[in-house]
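> Please see the structure below; I have some questions.
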Amino acid sequence: MSNQEYDVIIVGAGAAGLATARTLFDHGYNLVILEARDRVGGRAHTNYDLLHGHPLELGGEFIHGQHAPTHELVQSFGYSTLQVPRKETLRWGEPAQVAISLEQLSEPRRSRLLALYTAYTDLLRSTPQTDQSLASYFLGLGFTPDEVNIADILFAQTCCAPIDKLSCLDLIHEAQRDRAGQSDFRVRQGYSALFARYSESLPIKYQRVVAQIEWAQGSVTVHTRVGGIFKARRCVITVPIGVLQHGDLQFIPDLPLSKQQAIATYRMEGATKLIYLFDQPMWDADLAYMARVGQVARWWTPTYQMEAPLAGLTAFLTAGSARVLDDLPEADALLLGLQEASELLGVGMTILQSHLQHQMRISWAHDPFTRGGYAYIPVDGTPARAEMCQPVEHTLYFAGEAYATMSNPQTVHGAMESGWAVAHTILQDR
């Protein structure tokens, strides 16, 4: 049991928790971070062993946007980034065909794909008064169900959401506040290295799974499953929304009804990666991103322009596609992914398997400290984000990618900006 009373307890050492803690600690706050895992980073986790010191991202992988504040953090530590032209170099695969650039697609497929992109851009610039699902939006414009399936791959799965549930108003809300830009980058040293540096000197207690938070105005007592009891005047909760919804963290007394309703509004689907490492590339050096309509639909090369000893290929699945792959035995899921990669690359299974050095499945839905990929807002649920940003009696605060209202949710930088915002709110309440 801890006899010390803190100014602030922060639950979780992911991007949001570290951003909150770094700001408050540097302002002289007496705080402690309680982290369930034995590492920092949360849903950002880098493996350095499989590529012999080179980073392989098992969770969050990209800096989304050339103006994302993460770039300043990277530069402050003397690290660097690598631009990855995913959207600009998309290769699309028709059923049982090799993935090719949009310029190489036959008409009318190319025109219809470009029409989907145009319609999506028009949506983000619009100002509708009522909400609808992204699927309804495309169907209302005359796109066919098959074309909506393509939009699901290109747009909804990026949001870790089924297209028939994803809120158009929430997408528009984000687009209107987007300052980050459209380009994608990787941290050359890996996200784990970045967060290890960012968390230096912070008081973190690892393997402290928080089970219960007792609270009254100006007073918080946090009970961990193993590791004692911690007391503070304020508490910042940065665990993923899926953990809150699952009831893994109990509040005594219960949170206000408005907060409970906001938590219940969110949806959090699975996010799964299938990662394959080969002794040599089975594709040309320019391949960065390819997709198709299928069970294992979205792919990229995690070793793009990296001088690594192995060549990597990653499939990223979310929502319903992730559930299907998660329900399969790992060997079956990996075989299914490799078969679809074989078609997209135009390389036979025998050849792929002969060069395969390692394969693995990472399921974030099966991680008890995450319970999914990232959160999305369903139709008519947009007010939930603003509600979650409101403190509870200047005592309980919530931060994370799900609560990024003035930035990009579902991103690492959105989580960090949410943490910085909470920290500045606490500083103003001092």
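> Return a yes/no flag: does region 35-46 have any residue that is buried (at least 17 other Cβ atoms within 10 Å of the Cβ) and free of Cβ contacts under 8 Å to residues at least 60 places away in the same chain.
So far as region 35-46 goes, no, none of its residues is buried (at least 17 other Cβ atoms within 10 Å of the Cβ) and free of Cβ contacts under 8 Å to residues at least 60 places away in the same chain.
> Would you be able to say whether some residue in region 66-84 is exposed (fewer than 15 other Cβ atoms within 10 Å of the Cβ), at pLDDT below 95 and either among the hydrophobic types (A, V, I, L, M, F, W, C) or outside any helix (DSSP H, G or I) (or both)?
Within region 66-84, not a single residue is exposed (fewer than 15 other Cβ atoms within 10 Å of the Cβ), at pLDDT below 95 and either among the hydrophobic types (A, V, I, L, M, F, W, C) or outside any helix (DSSP H, G or I) (or both).
> Only residues that are among the charged types (D, E, K, R) and free of Cβ contacts under 8 Å to residues at least 12 places away in the same chain: list them for region 196-246, please.
Glu200, the sole residue that qualifies.
> While we're here: Taking the conditions exactly as written (in a loop (DSSP other than H, G, I, E, B), touching a Pro at 6+ places or on another chain (Cβ under 9 Å) and in contact (Cβ under 8 Å) with a residue 40 or more places away in the chain), does His52 satisfy them or not?
Considered against the rule, which asks whether it is in a loop (DSSP other than H, G, I, E, B), touching a Pro at 6+ places or on another chain (Cβ under 9 Å) and in contact (Cβ under 8 Å) with a residue 40 or more places away in the chain, His52 comes out as yes.
> Taking helices (runs of 4 or more DSSP H) that fall entirely within region 323-406, which contain at least 2 residues that are modelled with pLDDT of 95 or more, assigned by TED's automatic domain parsing to the domain that holds Ala423 and touching a helix residue (DSSP H, G or I) at 6+ places or on another chain (Cβ under 7 Å)?
Those helices (runs of 4 or more DSSP H) span 383-388.
> Same structure, new question: Could you check how many residues of region 171-190 are among the polar types (S, T, N, Q) and in a helix (DSSP H, G or I)?
Summing the residues that are among the polar types (S, T, N, Q) and in a helix (DSSP H, G or I) in region 171-190 gives 1.
> Shifting gears a bit: If I filter region 207-260 down to residues being of a type in the set (Lys, Arg) and outside any helix (DSSP H, G or I), which single residue comes out as surrounded by the most Cβ atoms within 10 Å (Cβ to Cβ)?
Arg234
> Identify all residues within region 133-150 that are buried (at least 18 other Cβ atoms within 10 Å of the Cβ) and part of a loop (DSSP other than H, G, I, E, B); write none if there are none.
Phe143
> So for region 277-291 (the condition being more than 24 Å from His52 (Cα to Cα), of a type outside the set (Phe, Trp, Tyr), touching a residue at least 24 places away in the same chain (Cβ under 8 Å) and not in a helix (DSSP H, G or I)), does at least one residue qualify?
Yes - at least one qualifying residue is present in region 277-291.
The values are calculated or read from the model by the stated rules, or taken from the named source; none is laboratory data. Note that the coordinates shown come from a computational prediction; the quantities given were computed from them, not determined experimentally. Note that each Cβ is placed from the backbone with ideal geometry, even for glycine, and that neighbours are counted across all protein chains shown.
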